[in-house]
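A short write-up of the structure that comes next.
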Amino acid sequence: MERTLVILKPGTLQRGLVGEVISRFEKRGLKLVAMKMKQLDQDILDVHYAHLKDKPFFPWLCDGMMAAPVILCCWEGFEAVKVVRAMAGSTNARNAAPGTIRGDYALSAQENIVHTSDSVENAKVELDRFFSPEDYCEYPSPLNQYLYAPDEK
Ligand code: TYD
């Protein structure tokens, strides 16, 4: 099964939306296999958002990501990267469709509730950035037969 990284941003914690956002992934049927709370710093953000380093909003983005702790989650499921990305909605929350996480809880391109990995390749790199092998929990998935067809794994 595929794994993807979700970061619940500082605003999500401050606004008391952590439970609601996690609940959406749970209800969709995704499996939570690792989770931790962490205060991010500039060094890790320089790496995580390296593709945005030259953008004018980069300093604000980093300030926002360091304004309070984040919640790091690894969700597992069949094609989890694209499923989670679609659940998040457009980066600019004002363009995000109602029913998506950003479309339901945010109004900003920066303060947009979640980070989600954008490809299978990046998901592996990002998960390694924030989690160690011992952070992952192995446990049975007794409902998989009600969530997936036999060839969906
Ligand atoms: P990006 O990786 O393009 O989007 P996503 O989070 O949807 O994968 O951008 C990373 C973060 O940078 C984004 O979540 C919020 C911030 N950002 C802005 O503040 N303004 C912008 O115009 C863009 C494109 C991103």
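The values are calculated or read from the model by the stated rules, or taken from the named source; none is laboratory data. Please read all numbers here as calculations on a predicted model, not as lab measurements. Virtual Cβ from ideal backbone geometry, glycine too; neighbours counted across all protein chains shown. The area values use the complete protein model at the heavy-atom level, side chains included, leaving out ligands, DNA and RNA. Shrake-Rupley method; radii C 1.70, N 1.55, O 1.52, S 1.80 Å.
Checking each residue of region 73-84 against the condition of being open to solvent by 60 Å² or more (accessible area, probe 1.4 Å), in a loop (DSSP other than H, G, I, E, B) and closer than 25 Å to Gly16 by Cβ gives no match. Screening Glu121 against (1) within 16 Å of Lys82 (Cβ to Cβ); (2) of a type in the set (Asp, Glu); (3) open to solvent by 50 Å² or more (accessible area, probe 1.4 Å); (4) touching a residue at least 24 places away in the same chain (Cβ under 8 Å) leaves a single unmet condition, (4).
Test Ala86 against the criterion of being within 12 Å of the ligand (Cβ to nearest atom) and within 16 Å of Phe25 (Cβ to Cβ), and give yes or no. Criteria met by Ala86.
Among the residues of region 1-56, the one identified as part of a helix (DSSP H, G or I) and aromatic (Phe, Trp, Tyr) is Phe25. Do we find that Lys38 is more than 9 Å from the ligand (Cβ to nearest atom), at pLDDT 95 or above and basic (Lys, Arg) in this structure? Spelling it out, Lys38 is indeed more than 9 Å from the ligand (Cβ to nearest atom), at pLDDT 95 or above and basic (Lys, Arg). Filtering region 125-147 to residues that are open to solvent by 50 Å² or more (accessible area, probe 1.4 Å) and farther than 25 Å from Met66 by Cβ leaves Pro133, Glu134, Cys137, Glu138, Tyr139, Pro140, Pro142, Leu143, Asn144, Gln145, Tyr146, Leu147. Checking each residue in region 99-114 for being open to solvent by less than 70 Å² (accessible area, probe 1.4 Å) and touching a helix residue (DSSP H, G or I) at 6+ places or on another chain (Cβ under 8 Å) picks out Thr100, Ile101, Arg102, Gly103, Tyr105, Ala106, Ser108, Ala109, Gln110, Asn112, Ile113, Val114. Residues in region 3-21 that are over 23 Å from Phe58 (Cα atoms) and surrounded by fewer than 19 Cβ atoms within 10 Å (Cβ to Cβ): Gly16, Val18, Gly19, Glu20. I need the full set of residues from region 42-77 which are away from the ligand (no atom under 16 Å from the Cβ), under 20 Å from Asn122 (Cα atoms) and out of contact with any Gly (no Cβ under 9 Å at 6 or more places or on another chain), in order please. If the condition is that a residue be away from the ligand (no atom under 16 Å from the Cβ), under 20 Å from Asn122 (Cα atoms) and out of contact with any Gly (no Cβ under 9 Å at 6 or more places or on another chain), then Asp43, Cys74, Glu76 are the ones that fit.
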